[in-house]
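Working notes, structure below.
Read-outs throughout are calculated quantities, based only on the coordinates presented, and are distinct from any laboratory measurement. Treat the numbers as computed from the prediction; the structure is a model and nothing was measured. Neighbour counts are summed over all protein chains in view; Cβ atoms, including those assigned to glycine, are modelled from backbone coordinates with ideal geometry.
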Amino acid sequence: METQEQNIPTLNLSENFYSIQGEGISSGVPAYFIRLKGCNFLCGGHNGSLVKEGKTTWWCDSEAVWRKGAITLFDNIMNDWRTRNIIEWVFSGRVHIVWTGGEPTISRNQRDIMNCIEYMDRWIATNSLYYNGNSDVKILQNCAFNEIETNGSIVISDDLFDRLQQINCSPKLANSGMKEDIRIVPDAINKIMKHHNYQFKFVVSTEADIQEIIRDFVTPFNIPGEHVVLMPGLDCQANFHERTRFVMEMAKKYGFIGLTRLHISCWDKTCGV
């Protein structure tokens, strides 16, 4: 029998903020990011050590954030939605909820995400009419749009899988510094491809990276080209245009989707915006 404490929806939260989705097929959509603590990868080495040694071409720009975390009530996040007057937009799907990390599919994080989605269901069932500061708003069901951003190395549980509206999978290439048998997990990738709305989003720095994508992912897993997104390996504005132009040329050449990192264009290296 579960205790009352176990029923309280909490998250091991690194940060949460309201912004726009800067990457992938939802680029430009208003989004509320919920970054959870922990990751099973360390791309580019600790604090970019492998980049500095010339062994990789990029490193995880959110490492300093996802290493930290605090147990946070989900009610605190909902209160933030109220303060920002976006709670109606969140529940209607106008503002996407983006579950990210680190790695949000770590076992504890999967459980917590599912608990919070179910909490939203219960909240709406008992609070179908609420006051948002301007007018009475009627909400009949939980229509939140849940995106998850995963490295594709952990199988997503069936219950969570069924409640996700979009899966953004960013498999790591050799340029991450992670070993192949750790970053390529067939069961996890095949599960993602069963979802009705998924993308495989790859960070690329050279044309050899695209050839690796085709060899190690597209061909063996038979990933349709319209589900493959190329993203530039950049983390600052200094080379934004040159790296974005490179990705667009590669997208034209190989027939994949070419996108960039809008948040870098707008806010450079600033976190939490």
Notebook entry, point to check: Pairs K37/K252; K37/K194; K37/K253; K68/K194: which are spaced more than 30 Å apart, C-alpha to C-alpha?
Noted result: K37/K252; K37/K253; K68/K194
Notebook entry, point to check: Of G255, P220, A188, whose Cα points farthest to the positive end of the dipole of segment 183-273 (charges on the beta-carbon: +1 Lys, Arg; -1 Asp, Glu; origin at the Cα centre)?
Noted result: A188
